[in-house]
Each structure stands twice: as C-alpha cells, then as structure tokens.
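To start, the structure under review is shown below, and the notes come after it.
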Amino acid sequence: MAVKLHKLAADEAQRAFPRRGQQDVSDYMAALGELQPGDAAAIEREGLSDRAIKRRLGAAAKQLGYGRKWARQHSPEALYF
C-alpha cells in the first residue's frame, strides 16, 4: 500500500494549526462587549467542547480586561457564566 503525503504550504499550515495566541476571538469579544459588569449570560455550545468554549471566551475576556466566573450548572445546549 502506497502512502501519499501532501506537504502544506506555510499559509495552509498557519490556518490548519493556529497558535493559541493567534486564534481569532473577535466574535467572542464582540459578544462580551454587549455585557455590563455583573451581567449573567449563557453561551451556546454549537458543537464545540466545553473546554474549547471556555478557552476562547477566556482569551477574549482577557484581551478586554474582563473577568468571568463559570456556573456549576449548565444546560445541554449552553454554558452559563
């Protein structure tokens, strides 16, 4: 059985393997920008893991200088913070 490989170009590799600090979280930042201190909110999972959601929202919050606290309870569709 022959193995076929395709070497990725630099721009393809960048898109396929973004560095943690280079991930685009602008959508998350825009959503957080609509909240006021003390607000509670829910974020829909939309097929993402809890870990991915928390990491992305945390990165966006850090860039904005916001803090967040995750609720212990959640629904099957969303996480509360």
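All of the numbers you see were taken from the coordinates with simple rules; none came from a lab. Because the structure is predicted, anything quoted here is derived from the model rather than measured. When we count neighbours, we look across all protein chains shown, and the Cβ atoms used for this are built from the backbone with ideal geometry, even at glycine.
Structure data summary
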item: Matching helices (runs of 4 or more DSSP H) fully within the chain where at least 1 residues are under 14 Å from the mean Cα position of the chain (by Cα); result: 26-33, 50-64
item: Members of the stretch 59-81 found to be free of Cβ contacts under 8 Å to residues at least 12 places away in the same chain and over 17 Å from E44 (Cβ atoms), listed by number; result: K62, G65, G67, R72
item: Exclusive hit being touching a residue at least 12 places away in the same chain (Cβ under 8 Å) and either of a type in the set (A, V, I, L, M) or surrounded by 14 or more Cβ atoms within 10 Å (Cβ to Cβ) (or both), set A10, A30, A42; result: A42
